[in-house]
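**Student:** I am attaching a structure below and will ask some questions about it afterwards.
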Amino acid sequence: NKKLADRPTMLSQQKLQDIDWSRWLPLLLVAVGLAQAVLQSLFFTVVKYDDAQLIEWAASAQFGNLDQPTLLSNIAWACSLLGIPPDIFIKIARQIFIVGAILLLHRALRHWTKDDVLAWIGAFSITLIDDVRGKAVTEFTHFTFLLCTMAAALLIVTVLTERKSVWLYVLLGLSAALVFHSKYNGLLFFIILLITCAYNGTARRVFLDKGALISAAILVALAAPAMVWGYLNRSEVTGTFGKYRFDSADQSPFVEALDAYGSSITSVVIVVAIAFAYKIWQDRSVRIVLVGIEPEKFRLLGIYCLTFFVASILVAMAMNVGEVGRRRVIPGTMFMAVFGGLLAGQVLPKTARPVLLTVLAAYWVVVNVWLLLR
């Protein structure tokens, strides 16, 4: 009787395992992103916050501005010359960046594991972050640009852990510059990786290499215009600091920082907890055995996430930061989500991973539908 009862479940899991995920998921992502772009262009008229600033800056070419890089607004300005208004551009660009981030993460994680389902789970897990599943779809285009550029940077760093070449370090420098020009706090990704060199051999092998000097030179050269503009307009730049509410916290900086992480990645923690609960129910054990995934890369990502978390808490306390916004710690929470997704997928038996991936993909579709209906 037990075998008969288990047969429907086994058959459904087998059907999920037989799906060619790398064929259908990109099509799903593109279809959802395209639908969002078209419907927002037709019906979403209100543009707020950073996107309103972006449209204002896109009225002309900019060599520098206050608290956001000019690359995206300059691209919007160039598109306006081709007949695409800036407000339409950002509604399309947001969806391109989100889809691009997931696809680039999957590409990177395929270097980590031969299990395509596990790689997709890790990539899709960024959709569990609070701001990604909400405001990133409908506003804050700079935020989605950062997601995409950091995903590209992870791909290049991943390849560098396997082999080195001058051209890869050139690409690393270009990716770092692109991250910088998408959102300034994105450089924390590289800063934290440099910190991890103190106690991680993989990070040292990539970043304490003479090739990294090429990357640094490219970054400095391409970041120089914005840095010079900021130096020549110091009073305007410092005038924007009030929006970060330094020294005006209702709670301690420690609690504020914890709140930022808690509100951002709660869904990731829930997914990991469910995976562990399933494992305990099945195996009566919480022991994790890494199977089919590169331990070196997985360890580096875990160390990066822990270092980012501890460093951000310490900096928030040292600077007495009044508010630690969720979007300001995205260089940490993005990769915490990827790590959490990989961990949940690794904990689950291989036959259950397609179920988790199906849930994540369906969840992303439902989120997009709900954002339109509301």
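**Student:** Based on DSSP H assignment, which helices of the chain show an axial Cα extent of at least 20 Å together with a mean Kyte-Doolittle hydropathy greater than or equal to -0.5?
**Tutor:** For the chain, where a helix must reach 20 Å along its axis and average at least -0.5, the hits are 21-43, 86-109, 141-162, 166-182, 211-232, 253-283, 295-318, 330-347, 353-373.
**Student:** Might you work out the accessible area of CYS305 for me, using a 1.4 Å probe with all protein chains in place, and round it to the nearest 10 Å²?
**Tutor:** Approximately 10 Å² for this residue.
**Student:** Leaving ligands, DNA and RNA out of it, work out the accessible area of TRP24 with a 1.4 Å probe and give it in Å² to the nearest 10.
**Tutor:** Only protein atoms counted, so the area is about 130 Å².
**Student:** Something else about it: Starting from the Cα-Cα distance between ALA59 and LEU42, subtract it from 0.36 nm times their residue separation and give me the gain in nm to one decimal.
**Tutor:** Net length gain for the segment: 4.0 nm.
**Student:** So how far, in whole Å, is the C-alpha centre of the range 108-124 from the one of the range 344-374?
**Tutor:** The range 108-124 and the range 344-374 have Cα centres spaced 15 Å from each other.
**Student:** Just want to confirm a number: the relative contact order over the range 41-162, from Cα pairs under 8 angstrom separated by 6+ residues, in percent.
**Tutor:** Rounded, it is 29 percent for the range 41-162.
**Student:** Ratio of alpha-carbon Rg to the 2.2 N^0.38 Å globular estimate for the chain, to two decimals, please.
**Tutor:** Taking the Cα Rg and dividing by 2.2 N^0.38 Å, one obtains 1.02.
**Student:** Could you pull out which residues in the range 320-360 have an amide N less than 18 Å from a spot 7 Å beyond the Cα of ILE191, following the Cα-Cβ vector?
**Tutor:** Under 18 Å, as judged by backbone N against the label point of ILE191, lie 320-336 of the range 320-360.
**Student:** On the full set of protein chains, 1.4 Å probe, figure out the accessible area of ARG327 and give it in Å² to the nearest 10.
**Tutor:** Result for ARG327: roughly 50 Å² accessible.
**Student:** Calculate the dipole size of the chain relative to its Cα centre from +1 charges on Lys and Arg beta carbons and -1 charges on Asp and Glu beta carbons; express the result in debye to the nearest 20.
**Tutor:** For this selection, approximately 1180 debye.
**Student:** For the chain, what relative contact order do you get, as a whole percent, if you take Cα pairs closer than 8 Å and at least 6 residues apart?
**Tutor:** It rounds to 24 percent for the chain.
**Student:** I've got another one for you. Within the chain, what is the number of lysine pairs with alpha carbons under 25 Å apart, leaving out pairs fewer than eight places apart on the same chain?
**Tutor:** Total qualifying Lys-Lys pairs in the chain comes to 29.
**Student:** Pairs of alpha-carbon atoms within less than 8 angstrom and 6+ residues apart define the contacts here; what relative contact order does the range 126-180 have, in percent?
**Tutor:** Relative CO of the range 126-180 lands at 34 percent.
**Student:** May I pose another question? Once you list every other residue whose beta carbon is under 15 Å from the beta carbon of ILE156, what net charge do they have if Lys and Arg are +1 and Asp and Glu are -1?
**Tutor:** Once positives and negatives cancel, what remains is +4.
**Student:** Does the range 297-374 come out rounded, prolate or oblate by the C-alpha gyration tensor, with a ≥ b ≥ c the root eigenvalues, rounded set by a/c under 1.5 and, if not, prolate when a/b is larger than b/c and oblate if not?
**Tutor:** oblate
**Student:** Ignoring ligands, DNA and RNA, how do HIS181, HIS142 rank by accessible area with a 1.4 Å probe, largest first?
**Tutor:** HIS181, HIS142
**Student:** Determine, from the Cβ-Cβ distance of TYR49 and ASP20 and an R0 of 56 Å, the FRET efficiency 1/(1 + (r/R0)^6), rounded to the nearest 0.05.
**Tutor:** My answer for the efficiency is 0.90.
**Student:** Moving on to the next point. For LEU258 and ARG374, FRET efficiency with R0 = 35 Å and r from the beta-carbon atoms, rounded to 0.05?
**Tutor:** With a Förster radius of 35 Å, E is 0.75.
**Student:** Rounded if a/c is under 1.5, else prolate if a/b is larger than b/c, else oblate: which is the range 268-320, with a ≥ b ≥ c the root eigenvalues of its Cα gyration tensor?
**Tutor:** Since a/c reaches 1.5 but b/c is at least a/b, the shape of the range 268-320 is classed as oblate.
**Student:** Quick one: check the C-alpha center-to-center distance for the range 46-88 versus the range 148-212, whole angstrom.
**Tutor:** Each part reduced to its Cα centre gives a spacing of 28 Å.
**Student:** Kindly sort LYS164, LYS91 by accessible area of their heavy atoms, largest first, with the probe set to 1.4 Å.
**Tutor:** Descending order: LYS164, LYS91.
**Student:** Of the listed peptides 114-125, 292-303, what is their order by residue-averaged count of other C-beta atoms within 10 Å, with the highest listed first?
**Tutor:** 114-125, 292-303
**Student:** Compute the signed sum of charges (Lys and Arg +1, Asp and Glu -1) over the other residues within less than 13 Å, Cβ to Cβ, of GLY100.
**Tutor:** So the environment of GLY100 carries a net charge of +2.
**Student:** Here's something else I'd like to know. So how strong a dipole does the range 243-366 carry about its Cα centre when Lys and Arg Cβ are +1 and Asp and Glu Cβ are -1, to the nearest 20 debye?
**Tutor:** With Lys and Arg at +1 and Asp and Glu at -1, about 400 debye.
**Student:** What FRET efficiency do you get for VAL269 and LEU208 if R0 is 30 Å and r is their Cβ-Cβ distance, rounded to the nearest 0.05?
**Tutor:** Step by step, r from the Cβ atoms, then E = 0.35.
**Student:** Hey, what number do you get for the chain at 222 nm if only DSSP H runs of n ≥ 4 count, each worth -39500 (n - 2.57), divided across all residues, to the nearest 500?
**Tutor:** Computed mean residue ellipticity for the chain: -24000 deg cm²/dmol.
The values are calculated or read from the model by the stated rules, or taken from the named source; none is laboratory data. Bear in mind that the values here come from a model prediction, so they are computed numbers and not experimental data. Positions of Cβ are generated from backbone atoms using ideal geometry, with glycine treated the same way; all protein chains shown enter the neighbour counts. Protein only, heavy atoms only, side chains kept; ligands, DNA and RNA dropped before computing areas. Shrake-Rupley method; radii C 1.70, N 1.55, O 1.52, S 1.80 Å.
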